[in-house]
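The values are calculated or read from the model by the stated rules, or taken from the named source; none is laboratory data. All of these numbers come straight from a predicted model, not from anything done at the bench. Glycine also receives a Cβ, built like all others from the backbone with ideal geometry; neighbour counts cover every protein chain displayed.
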């Protein structure tokens, strides 16, 4: 049995607990959450046992977003074991009660807390983005590899059914060579034009978040692009900050909190793929009016056909469901491996991959190195805007280009 410590009692935690419960109910894994570390003890106790502790905080989103998941308690996941609550990572590690941690703290804390855990011989499953800078992320990856430990990143895109099907379509040459990829949008119902994203001020501060949507959303987008279309070689980008101050408001529109922003809220980037294709990716937390997104995005054009959302089509054809197509095209056993016990919840599948990887002392599919590659693409957007020129992603990954990140690395003592 793998003993799990959860560090950071954030609003994303219920979606992780929901995934864990699915795995235990299906008998796919053997683990228990044995420790909770919160910014306050009250925060930790609010997730420990149903019927006890402080009232939970309400979700900050609606619909299918992970931040909208209904509150859950560890006792809902496994009533036979209740976790101990600790005030900090050091005390939790000293207790000897954990074999792995799920790290859900703000991104600016990821590298210091992950390094503490890895140096103590504890596996780490870290929320995305992997780290506040490429240098910080590289330190995490190198520490895990040096100690022979598992480092996973909670990047559900790789495990998403639609992405699995898109990836299969490209790898099987069903649409030919990738030529163009279009992805992105402007505005969100919850966060535009000047709402504080997820009611978390730190997301709008450079040295705490690393960047705005180029990092927070960009790692998802580039993970998707890399998974389906291949590696990104070069990026040319522009960013903007259209809301210099952001707010949380009550139902009557009264300001409850505000934050001055020093990160972008909008980015547009052109990129070239290592395989020769090209594309455009964007995102914005600004925008007055209705949100606009690529319909059914991302849109991928190949030399024989195209993918758009959940459909595959060829010239002169109406297209068909990618899911239906994949059932006939996937090698035997593939769908069962992708979606064990029929589970399609990405939080559940990615955590199962991590738990199995930790048991076998290997890296999961969404490894620290994968998270670092996504982060390098995201930071290349910000480096390109800072330098006013095209930037090679490999130069960002290897630290040769870091003009934008230098301030972050200096603030965290990484230089």
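Numbers below:
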| quantity | calculated |
| --- | --- |
| Residue that is surrounded by the fewest Cβ atoms within 10 Å (Cβ to Cβ), among those in the stretch 292-317 that are under 27 Å from residue 243 (Cβ atoms) and touching a strand residue (DSSP E or B) at 6+ places or on another chain (Cβ under 6 Å) | 292 |
| Qualifying residue in the stretch 49-62 (condition: in contact with a strand residue (DSSP E or B) (Cβ under 7 Å, 6 or more places away or on another chain), at negative phi and either buried (at least 17 other Cβ atoms within 10 Å of the Cβ) or not in a loop (DSSP other than H, G, I, E, B) (or both)) | no |
| Filter result for residue 240 (surrounded by 18 or more Cβ atoms within 10 Å (Cβ to Cβ) and at pLDDT 95 or above) | no |
| Failed item, numbered, when residue 371 is tested on (1) surrounded by 21 or more Cβ atoms within 10 Å (Cβ to Cβ); (2) touching a strand residue (DSSP E or B) at 6+ places or on another chain (Cβ under 6 Å); (3) farther than 18 Å from residue 126 by Cβ | (3) |
| Matching entry among 93, 168, 118, 149 (being more than 25 Å from residue 209 (Cβ to Cβ), within 21 Å of the chain's Cα centre (by Cα) and not in a strand (DSSP E or B)) | 149 |
| Any hit, the stretch 253-275, residues being in contact (Cβ under 8 Å) with a residue 24 or more places away in the chain, in the same structural domain as residue 226 (by TED's automatic domain parsing) and at positive phi | no |
| Which numbered condition residue 53 misses (of (1) over 25 Å from the mean Cα position of the chain (by Cα); (2) modelled with pLDDT of 95 or more) | (2) |
| Any hit, the stretch 137-144, residues being free of Cβ contacts under 8 Å to residues at least 24 places away in the same chain, out of contact with any strand residue (DSSP E or B) (no Cβ under 6 Å at 6 or more places or on another chain) and assigned to a helix (DSSP H, G or I) | yes |
| Hey, residue 163 within 19 Å of residue 17 (Cα to Cα) and either touching a strand residue (DSSP E or B) at 6+ places or on another chain (Cβ under 7 Å) or not in a loop (DSSP other than H, G, I, E, B) (or both) or not | no |
| Any hit, the stretch 83-106, residues being in contact with a helix residue (DSSP H, G or I) (Cβ under 9 Å, 6 or more places away or on another chain), without any contact (Cβ under 8 Å) to a residue 24 or more places away in the chain and farther than 24 Å from residue 414 by Cα | no |
| Residue in the stretch 283-292 that is in the same structural domain as residue 173 (by TED's automatic domain parsing) and at pLDDT below 90 present | no |
| Within the stretch 171-194, tally of residues that are in contact with a strand residue (DSSP E or B) (Cβ under 7 Å, 6 or more places away or on another chain) and not in a loop (DSSP other than H, G, I, E, B) | 8 |
| Residue ID - nearest to residue 9 (Cα to Cα), chosen from residues in the stretch 63-84 that are touching a strand residue (DSSP E or B) at 6+ places or on another chain (Cβ under 9 Å) and in a helix (DSSP H, G or I) | 74 |
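Per-residue answers, yes or no, for (1) surrounded by fewer than 22 Cβ atoms within 10 Å (Cβ to Cβ); (2) in contact (Cβ under 8 Å) with a residue 12 or more places away in the chain; (3) under 22 Å from the mean Cα position of the chain (by Cα):
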site	(1), (2), (3)
323	yes, yes, no
328	yes, no, no
332	yes, no, no
340	yes, yes, yes
344	yes, yes, yes
348	no, yes, yes
363	yes, yes, yes
388	yes, no, no
